[in-house]
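Note sheet for the following structure.
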């Protein structure tokens, strides 16, 4: 089953036919909210708003472990994570979608593994390719089918938040090879790897990063909010097409 984690601007899916909601309990505490069960194009999915359905949980306080555990515990084996990002690479502009291929983690102090506690052995998992290539390919195919232009690949730099970055920090990240910046990509991606979930992200570009383009003198939050509505329409189309393609593949199997 497909799980969808919505970020800023995506606290609900307009194309989701909701069947029920369920409060989930996990060994790692409570997830960001109740799991929303429903259907898109007749296919069952589970949706979860990362920041809570009232968007009240900041990035550094999200219980990433509980969120992914709850999805896995309720039958999810594939996850699409939606996150708003700021553009660093000059080829990325507000309004675009991007399917990142790599991550650099700048966060600190977050609960980043399930393998903790005196009764659990130390585990080192390969994270060379942080995203599931099968899910990335499915998203790219869905975009092509839906006529959505997006960028294939790029490095997602994950900062601590909730504050936005300084221009100097963005300059450093650019030297590191970062193409886009956001606050929620880690430890979410790695926790999905520990749970053996096929996980990929959709980056929704809502602004140019600090010191870049229209953000040269500061990020205009009014423009960000206006862009959110536009770019999330594309995200919803992409997810609908992804589920449609999946249904078609299953019918041919």
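The values are calculated or read from the model by the stated rules, or taken from the named source; none is laboratory data. Not measured: the values here are computed from a predicted model. Backbone-built Cβ (ideal geometry, glycine too); neighbour counts: all protein chains shown.
Considering 95, 86, the condition of being more than 23 Å from residue 196 (Cα to Cα), in a loop (DSSP other than H, G, I, E, B) and in contact (Cβ under 8 Å) with a residue 40 or more places away in the chain is satisfied by 95 alone. Can residue 61 be described as within 26 Å of residue 207 (Cα to Cα) and either surrounded by fewer than 17 Cβ atoms within 10 Å (Cβ to Cβ) or touching a helix residue (DSSP H, G or I) at 6+ places or on another chain (Cβ under 9 Å) (or both)? Considered against the rule, which asks whether it is within 26 Å of residue 207 (Cα to Cα) and either surrounded by fewer than 17 Cβ atoms within 10 Å (Cβ to Cβ) or touching a helix residue (DSSP H, G or I) at 6+ places or on another chain (Cβ under 9 Å) (or both), residue 61 comes out as yes. Could you check the stretch 151-189 and list, in sequence order, the residues that are in contact with a helix residue (DSSP H, G or I) (Cβ under 9 Å, 6 or more places away or on another chain) and more than 16 Å from residue 205 (Cβ to Cβ)? 160, 161, 162, 167, 186, 187, 188 - these are the residues of the stretch 151-189 that are in contact with a helix residue (DSSP H, G or I) (Cβ under 9 Å, 6 or more places away or on another chain) and more than 16 Å from residue 205 (Cβ to Cβ).
For the stretch 12-27, the candidate set comprises residues that are surrounded by fewer than 20 Cβ atoms within 10 Å (Cβ to Cβ) and at pLDDT below 70; within that set, the residue that is nearest to residue 189 (Cα to Cα) is 12.
Apart from one condition, residue 116 fits all of (1) assigned to a loop (DSSP other than H, G, I, E, B); (2) under 21 Å from residue 239 (Cα atoms); the exception is (2). Taken over the stretch 32-65, the residue count meeting the criterion of being assigned to a helix (DSSP H, G or I) and in contact (Cβ under 8 Å) with a residue 60 or more places away in the chain is 4. Checking each residue in the stretch 151-197 for being surrounded by fewer than 23 Cβ atoms within 10 Å (Cβ to Cβ), farther than 15 Å from residue 212 by Cβ, in contact with a strand residue (DSSP E or B) (Cβ under 9 Å, 6 or more places away or on another chain) and without any contact (Cβ under 8 Å) to a residue 60 or more places away in the chain picks out 152, 153, 155.
Conditions (1) in contact with a strand residue (DSSP E or B) (Cβ under 8 Å, 6 or more places away or on another chain); (2) crowded, with 22+ Cβ neighbours inside 10 Å; (3) modelled with pLDDT of 95 or more; (4) closer than 30 Å to residue 244 by Cβ, marked per residue:
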position: 86; (1), (2), (3), (4): yes, yes, yes, no
position: 93; (1), (2), (3), (4): yes, no, no, yes
position: 106; (1), (2), (3), (4): yes, no, yes, no
position: 110; (1), (2), (3), (4): no, no, yes, no
position: 115; (1), (2), (3), (4): no, no, no, no
position: 123; (1), (2), (3), (4): no, no, no, no
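Residue 224 meets each of the listed conditions (1) farther than 30 Å from residue 115 by Cβ; (2) buried (at least 17 other Cβ atoms within 10 Å of the Cβ); (3) out of contact with any helix residue (DSSP H, G or I) (no Cβ under 8 Å at 6 or more places or on another chain); (4) at pLDDT 90 or above apart from (4).
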